[in-house]
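Everything on this sheet refers to the single structure shown next.
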Amino acid sequence: MTRGYEISHLLAGAMLVTSFALLYQERIAAVLKTFAAQSITLALAVAWAASSQDRPELFITSLIALCLKGIVIPVALHRTVVKLGIHREVEKVVGVGIALLVGLALTGLAQALLLKVAQGTASHAREDLALALAIILLGFLMMIVRRNAVTQVVGFMSMENGLILAATGARGMPLVVEVSVAFSVLIALFVFAVFVFRIRERFDTIDIEALDRMRGDTR
Amino acid sequence: MHTYQIVVLVPYAAALGLAAIPGYRSGAIVNVLASAVTLAAGLWLIGEERTVGPYAIVDEFNVVFIAINTLVGFTTSIFSASYIGHEIKTGRLPPGFVRFYHAMFQAMMGSMNVALVANNIGLIWVGLELATLITVVMVGLYRTPQSIEAAWKYFILASVGISLAFFGTILIYLAGQPALGEGVPAMTWSLLQGVAARMDPAILDLAFIFLLIGYGTKIGLAPLHAWLPDAHAEGPTPISAVLSGLLLNVALYALLRFKMLIAGQPAALDPGPVMIVMGLVSLVFAAFMLYQRRDIKRLFAYSSIEHMGLMVFAFGMGGPLANFAGLLHMVMHSLTKSGIFFAVGHVAQAKGTQRIAEITGLSETHPRLAVAFALAVLAISGMPPFGVFASEFLILTTTFAREPWLALLPAFGLLVGFGALLMRLQNTILGKPTGPSHRVDGSSVPIVLHLALVLAAGIFLPAVLVAWFQRAAELLG
């Protein structure tokens, strides 16, 4: 039984490592590859939860994470970036060093909060939850410190990965896993189709800063 | 079939139907009819028996929200019929988009109603998120650089809110698990409330923080409000009306449901003081921000932040009287603010701009519109005899009775906001008319209806209504 928890912790920990890796990538292609790696790890973690908690329906979640977030979205985003020939490099609001330090602090905060707070729940659940919260916060951080539209979307999807990990860690949580997967599909498609193309169409760039110049109130 | 199922299913069915209706005119008619049926069901629900099922709940508290939701949804559909017609005529909106617009409007109403009747904390989240995502698309509808920027900002901030609120929901589920076991019961709101006293207070504390930040983003509480003014200013005006009048309420509703839950565990953190602080910060901040607005829809968006802040403050104070005042203020604000957006929609179409400086002298060029607009502005700035005055007065007096010093802050914020609205809008109504001026042929029924309701509520609140609101306020604790 303890081996089961060790494997799920290992996978969650691996996801956390990819979250950190997302923060220091220099090129968009590398960001997308790292995100794909994170999603594939998520698929493994969910599959492991499905077999160890004996909830076969979670295999669907795992499969969707693998196919969609692990393969389809990264490949499609990568093609778009190459085809449009825009911004091969990631634009940073703060440097890698500071981003990583803040990331470390957030991870520490997540561990401290949940390990201290959730003492009533079974220990494995709260450890998984602490890792998931760290992944969510790092995704959030990535959305803040990376300015490009593609990297912001990746930051958000990484947050979503953390959420799914948290939801599968909460034993027996009904319906929500499927729904949240459906949402990530929806959001991903939506972001992809509507925003990336429309922004490109209007600005010839997907740099968010270009948008900031158009603030309605200073017209 | 229960009435609450009609409230949810009719909008969704209408959305499917509207997606297939190509014409603007027939689409608008179906839109109004569907909203009328939903309104009828929503009002019928008031008199019906209260039910608690595994997935749905109808109690005194959410009936208030459902009634106001379906009512404003109906009047907005009437306003939208003439407004969108004008947008197509002037070529701002391609006709092909109308089908999409109508379908999305109904889907949004349906999703909000899902969140309001849901007895499952996961379903509340799903409904609110669906409604939010739909409004994101609607805000970007015009495809101008500004509207895309607004939609992007809204999307980014809303999705962060989505994630944090969902994490809070997972934590509540974990807190309920020891008492209710795994599966659906631990996500059912009414069952969770029953076992609140046995939940781990530390998890509840943490969950409430996530829920407050997550749903607080949707309520538009400062400093999480950055999306709100842009989203209001750049989308079609019917959507601004629904955003301010309804979607903010639904987010507030979700937060209040969790407040009720957490109140059941005395050892957990008291949500009251946190909500008081966030409400006051939003109120005072938004009141000052009103002075610098140049865009008329942005101005009223900040005014919405101000009023949502006041409501959160009132609910944070708690107790039967403050809750009553908060509920009353929510209803009054919904009616008045959506009425204002109807008027602003006509004003913007009359003058061809949303810039306050270029909207001048409406009393000369469009006297009837000017009167309606002026009355609505007086109502929202809390002038007697309108209903907003009554609810604001009640909030201030109850606060004064309990914490005299604390009452000074909201009173100050409201005064500042009042001055700003007067200063910014005087010229639009009384000044010398300049610039282009077009005829407005939109329906005035929605504005008149809303103003009449707010005025009636300010002059005389029927005892039945008072008793109903008191029961709802008591549930809030």
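What to note about this one:
- Scanning the stretch B:382-408 for residues that are surrounded by fewer than 18 Cβ atoms within 10 Å (Cβ to Cβ) and under 24 Å from the mean Cα position of the chain (by Cα) turns up B:Met383, B:Pro384, B:Pro385, B:Phe393.
- Pairs linking a residue in the stretch A:104-121 that is at pLDDT 75 or above to a residue that is open to solvent by 40 Å² or more (accessible area, probe 1.4 Å), with Cβ atoms under 6 Å and 6 or more positions apart or on different chains, are A:Leu114/A:Arg126.
- Counting only residues that are among the β-branched types (Val, Ile, Thr) and either within 10 Å of A:Ala29 (Cα to Cα) or surrounded by fewer than 16 Cβ atoms within 10 Å (Cβ to Cβ) (or both), the stretch A:73-84 holds 3 of them.
- Count of residues meeting criterion [at the interface with chain A (Cβ under 8 Å from one of its Cβ atoms) and open to solvent by 10 Å² or more (accessible area, probe 1.4 Å)] in the stretch B:133-148: 5
- Counted residues, the stretch B:92-120 - those being touching a strand residue (DSSP E or B) at 6+ places or on another chain (Cβ under 8 Å) and within 14 Å of chain A (Cβ to nearest Cβ): 3
- The requirement of being crowded, with 16+ Cβ neighbours inside 10 Å and within 12 Å of the chain's Cα centre (by Cα) is not satisfied by A:Ala45.
- Residues in the stretch B:201-229 that are buried (at least 24 other Cβ atoms within 10 Å of the Cβ) and of a type in the set (Asp, Glu): none.
- Flag if B:Ala241 is under 30 Å from B:Val331 (Cβ atoms) and either surrounded by 23 or more Cβ atoms within 10 Å (Cβ to Cβ) or more than 10 Å from every other protein chain (Cβ to nearest Cβ) (or both): yes
- Total residues in the stretch A:85-103, condition modelled with pLDDT under 80 and touching a strand residue (DSSP E or B) at 6+ places or on another chain (Cβ under 9 Å): 8
- Flag for B:Gly183 being open to solvent by 10 Å² or more (accessible area, probe 1.4 Å) and either touching a strand residue (DSSP E or B) at 6+ places or on another chain (Cβ under 9 Å) or of a type outside the set (A, V, I, L, M, F, W, C) (or both): yes
- When B:Ile203, B:Ile213, B:Ile209 are screened for being out of contact with any helix residue (DSSP H, G or I) (no Cβ under 6 Å at 6 or more places or on another chain), within 13 Å of chain A (Cβ to nearest Cβ) and in contact (Cβ under 8 Å) with a residue 12 or more places away in the chain, only B:Ile209 passes.
- Scanning the stretch A:12-28 for residues that are open to solvent by 30 Å² or more (accessible area, probe 1.4 Å) and assigned to a helix (DSSP H, G or I) yields A:Ala14, A:Val17, A:Phe20, A:Tyr24.
The values are calculated or read from the model by the stated rules, or taken from the named source; none is laboratory data. Just so you know, these numbers come straight off a predicted model, no measurement behind them. For neighbour counting, all protein chains shown are included, and Cβ atoms are generated from backbone atoms with ideal geometry for every residue, glycine included. To get the accessible areas, we keep the full protein, side chains included, count just its heavy atoms, and leave off ligands, DNA and RNA. Shrake-Rupley method; radii C 1.70, N 1.55, O 1.52, S 1.80 Å.
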